[in-house]
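Accompanying notes for the structure given below.
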Amino acid sequence: MLSHLVIGQSLYFGDSLFYIVTFLLLMWIIKVVAWGPVTKMMQDRADKISNDIDSAEKSRNDAADLVQKRQAALANSRSEAQTIVSDAKTNGQQQREQIVNQAQADVQTMKQNAQKDIEQERQDALSNARNDVADLSIEIASKIIQRELKGDDQKALIDSYIEGLGKQHES
Amino acid sequence: MNGDPVSTFQFLGLTFSTANVVSGLVVFVLMVAVIFFTSRKLAMKPTKGQNFLEWLIDFTNGILKGSIPAGDVGKFGLWGFTLFLFLFLSNELGLFIQVATRGGATIVRSPTSDPLTTLTFSLMTMMIAQFAGVWKLGYKRHFTNYLKPFVFWLPISIFEEFTNFLTLGLRIFGVIFSGEMLLGVIWDLAASHGIATMIVAVPIEMAWQGFSAFLGAIQAFVFVTLSSVYISQKLEVEE
């Protein structure tokens, strides 16, 4: 076949044209059927992968942020709880002291009132008793006087008795 | 095969070789079928056919990336892909199917076992290289590249273009043509003395077929690689 080419007796240049046309047609068909869609798909895939990597990075950062916030909130709430507890403790302490003081004061007042009452009662009882004794004495005296007033010898006894009462009353 | 009659026909005042046209059409149909059936149901998660196609695209893009600057690879990707697949199928076609008329003229064989076919592709590469050079650098810088490293280099530069064109086309032709010719010779040997030679020759034929298939793939690869080298040479200003 090389001899044909060299001698040129039946050189089929048409084939060159045929192959060029065929090749260009093939290129066009491949571009429409496969090359365009496939390279587009490959590009899409590459984009998707890079996007996925980016979004994974982003969500990882978000998660880390969230963890940090969580920890901060936890620490905050812990200290808050501590404050609340200590506040409650001091409040309780104060209240207890207040109650105890109040109770002591109350007791003091009650004691004083009781003492006053007792004194009052004693005074009343004493004065009552004095009156009773006076009445009784007068009754006894009247009875004795009614019955034995005649006997002068008994007069001295009565006197001394009354005198004794008066002394006792004075003391 | 060299002495075989060549079946030709006239069309539009041009002479066509029947073998080349028919073989070319066979390759064309094969290629369209392969591309069509592997590119159905494209998805983000590739399945069998798409995997193969994407692997092939990555492969040819890889060949181009080896020499063409990264920014320009995208413009030659489709060309490199089509060229590689066309040459590969052309190289392998004649190893498995050879049809001849009763007169002895072959109708179907490797299109690349004809120098005219391979030189056509070689010429296409050279044209693309020229156009790419003008497109990238502009007329002035493109043509002053021929005067580098010094003005008297011009004849050598022009001669180099011519030798590049010839070697690129004839290398692949030589390998494929000799492969087919040897297949024919081994077949003649097998048929020469009946069953005895047949038994001896068939393993040799199979081995040679396997080797030729390997060589066909290598040659398609080499053709695309060298083409991209020639193009890349035109894309940059020589120092």
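Can you find even one residue in segment B:84-94 that is out of contact with any Pro (no Cβ under 6 Å at 6 or more places or on another chain), open to solvent by less than 10 Å² (accessible area, probe 1.4 Å) and modelled with pLDDT under 80?
For segment B:84-94, residues out of contact with any Pro (no Cβ under 6 Å at 6 or more places or on another chain), open to solvent by less than 10 Å² (accessible area, probe 1.4 Å) and modelled with pLDDT under 80: present.
What do you reckon, is B:GLY174 modelled with pLDDT of 80 or more and on the phi > 0 side of the Ramachandran plot? If you could, list the steps in order and put the result at the bottom.
On the way: modelled with pLDDT of 80 or more: yes; on the phi > 0 side of the Ramachandran plot: no.
No: the conditions fail for B:GLY174.
Which residues, taken from segment A:154-171, are part of a helix (DSSP H, G or I) and at pLDDT below 65?
Filtering segment A:154-171 down to residues part of a helix (DSSP H, G or I) leaves A:154-170.
Listed by number, the residues that qualify are A:HIS169, A:GLU170.
Go through (1) out of contact with any strand residue (DSSP E or B) (no Cβ under 6 Å at 6 or more places or on another chain); (2) open to solvent by less than 70 Å² (accessible area, probe 1.4 Å); (3) among the hydrophobic types (A, V, I, L, M, F, W, C) one by one and return the number of the condition B:ALA70 breaks.
Against the list (1) out of contact with any strand residue (DSSP E or B) (no Cβ under 6 Å at 6 or more places or on another chain); (2) open to solvent by less than 70 Å² (accessible area, probe 1.4 Å); (3) among the hydrophobic types (A, V, I, L, M, F, W, C), B:ALA70 comes up short only on (2).
Sort out which residues of segment B:126-154 are open to solvent by 70 Å² or more (accessible area, probe 1.4 Å) and touching a helix residue (DSSP H, G or I) at 6+ places or on another chain (Cβ under 6 Å), and write them in order of number.
B:LYS136
If we scan segment A:54-72, do we find a residue that is more than 9 Å from chain B (Cβ to nearest Cβ), part of a helix (DSSP H, G or I), among the aliphatic types (A, V, I, L, M) and within 30 Å of B:LEU12 (Cβ to Cβ)?
Checked segment A:54-72: no residue is more than 9 Å from chain B (Cβ to nearest Cβ), part of a helix (DSSP H, G or I), among the aliphatic types (A, V, I, L, M) and within 30 Å of B:LEU12 (Cβ to Cβ).
Being within 14 Å of the chain's Cα centre (by Cα) and either free of Cβ contacts under 8 Å to residues at least 60 places away in the same chain or more than 18 Å from B:VAL26 (Cα to Cα) (or both) is the filter here, so list the residues in segment B:104-117 that pass it.
B:PRO115
Within segment B:26-58, track down each residue that is without any contact (Cβ under 8 Å) to a residue 24 or more places away in the chain, more than 8 Å from chain A (Cβ to nearest Cβ) and in a helix (DSSP H, G or I).
B:VAL29, B:ALA33, B:PHE37, B:LYS48, B:GLY49, B:ASN51, B:PHE52, B:TRP55, B:ASP58
The values are calculated or read from the model by the stated rules, or taken from the named source; none is laboratory data. In this text, all values refer to a predicted model and were calculated from it rather than measured experimentally. When we count neighbours, we look across all protein chains shown, and the Cβ atoms used for this are built from the backbone with ideal geometry, even at glycine. Ligands, DNA and RNA are stripped out before the accessible areas are found, and what is left, the full protein with its side chains, is counted by its heavy atoms. Shrake-Rupley method; radii C 1.70, N 1.55, O 1.52, S 1.80 Å.
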